[in-house]
Amino acid sequence: MRKLLYKAISAAVGVLGGIVATAIFNRIWRVAADEEEAPSATDARRSWPEVLMAAALHGAIFAVVRAALDRGTATAARELTGTWPGEGDEGDAAAEAERAK
């Protein structure tokens, strides 16, 4: 039941993270490129370097925001439930057993 609840909350946080990452990207793009919108991959007026640079920046921002939110959600889940929701829970249990000695 805990894993299911974690997955539902994680999905909602992921959607919000996508919105946040897009907002961050748009703000950075406006400042860096002095343009309102990033180039679309199908815009024939834009060069390859422009399109690829925008896509790389957007992808990097998205990945960092997602990693931060995933880690934060997992940490909060561990604080609330006492178990880590992702990979590596066995190591946490072993570390706790060692501390309890």
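With respect to the conditions (1) surrounded by 13 or more Cβ atoms within 10 Å (Cβ to Cβ); (2) hydroxyl-bearing (Ser, Thr, Tyr); (3) without any contact (Cβ under 8 Å) to a residue 12 or more places away in the chain, residue 73 lacks only one, and its number is (3).
Total residues in segment 41-70 satisfying the condition of being surrounded by fewer than 14 Cβ atoms within 10 Å (Cβ to Cβ), of a type outside the set (Ser, Thr, Tyr) and not in a helix (DSSP H, G or I): the figure is 4.
Screening segment 71-101 for residues that are in a loop (DSSP other than H, G, I, E, B) and over 20 Å from the mean Cα position of the chain (by Cα) and picking the one that is modelled with the lowest pLDDT gives 101.
Across segment 1-13, which residue is farthest from the chain's Cα centre (by Cα) among those that are surrounded by 15 or more Cβ atoms within 10 Å (Cβ to Cβ) and closer than 17 Å to residue 64 by Cα? In this case the residue turns out to be 10. Which condition does residue 32 not pass, out of (1) loosely packed, with under 14 Cβ neighbours inside 10 Å; (2) in a helix (DSSP H, G or I); (3) at pLDDT 95 or above, if it passes all the others? With respect to (1) loosely packed, with under 14 Cβ neighbours inside 10 Å; (2) in a helix (DSSP H, G or I); (3) at pLDDT 95 or above, residue 32 is out only on (3).
The values are calculated or read from the model by the stated rules, or taken from the named source; none is laboratory data. No experiment lies behind these values; they were computed from the predicted model shown. Neighbour counts are summed over all protein chains in view; Cβ atoms, including those assigned to glycine, are modelled from backbone coordinates with ideal geometry.
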